[in-house]
Amino acid sequence: MVDILVEAFGPLEDENSINFVVKQDVRRTERMQVLMGYLFDKAMRSGEVFLSDNRASCLLITYPHKDKFSIPKLFSTLKLAFQCIGIERIGKVLERQKIIQRNYPKGEYIRPMIFAVKNEYRGTVTAAKLIMQVFKDFKKNELPIIVDTASEEHVRLYQKFGLKVFKKEEGLGFPIYLLRMNQVRSPLATN
């Protein structure tokens, strides 16, 4: 999974969320592997991991309300800070998280964190089939599905599966689109 993610995002040199988090230096690929490993660990700890049948695309999902403190989580976060972001850039990355997080609901929701397809499979049905299956499974749930992306290509893809843009953040020098499927439950509607 980490290899798929690195292969998909490695060639992208434009301003995007991955390049914002990963320190851009001669160790960029190594740092990107740390980030993708962190995201994979997070999905395994508090979400789900989906891999296409042909092993060419993957989708990592978290349930933020299930992501509790643990020693492995602490070590994974420290590794991300020291080996990927760089100490001098942590404040900037935390500010990005703050900007994004203010758009997420306070209660329970589903968050697709990252989606990737191997470069040789771009433009094929591989990615669409995986997303279609996952979103079909989640369409009947009552929790909102919230996703953020800096890619207009991903916005169009997510819209095909029923997500709607509800906010566009531009405070980082590049746009971040926030999309939602299903309504946010009212706190009065809880059982």
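Read-outs throughout are calculated quantities, based only on the coordinates presented, and are distinct from any laboratory measurement. Not measured: the values here are computed from a predicted model. Backbone-built Cβ (ideal geometry, glycine too); neighbour counts: all protein chains shown.
Listed values, structure above:
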| quantity | calculated |
| --- | --- |
| Loop trypsin sites (Lys or Arg not before Pro), the range 9-44, which have at most 12 other Cβ atoms in a 10 Å radius of their Cβ (DSSP) | none |
| Top positive-direction residue, dipole computed over the chain with Cβ charges, set F174, I145, M44 | I145 |
| Charge dipole magnitude, Cβ of K and R +1, D and E -1 - the range 2-134, Cα centre, debye nearest 20 | 480 debye |
| For G47, net neighbour charge (Lys/Arg +1, Asp/Glu -1) across residues whose Cβ lies under 10 Å away | +2 |
| For the chain, alpha-carbon Rg over 2.2 N^0.38 Å | 1.00 |
| Under-5 Å amide H pairs with K167, H placed in peptide plane, nonlocal only | L178 |
| Loop-resident sites, the range 121-156, for GluC sites (Glu not before Pro), counting at most 11 other Cβ within 10 Å (DSSP) | E142 |
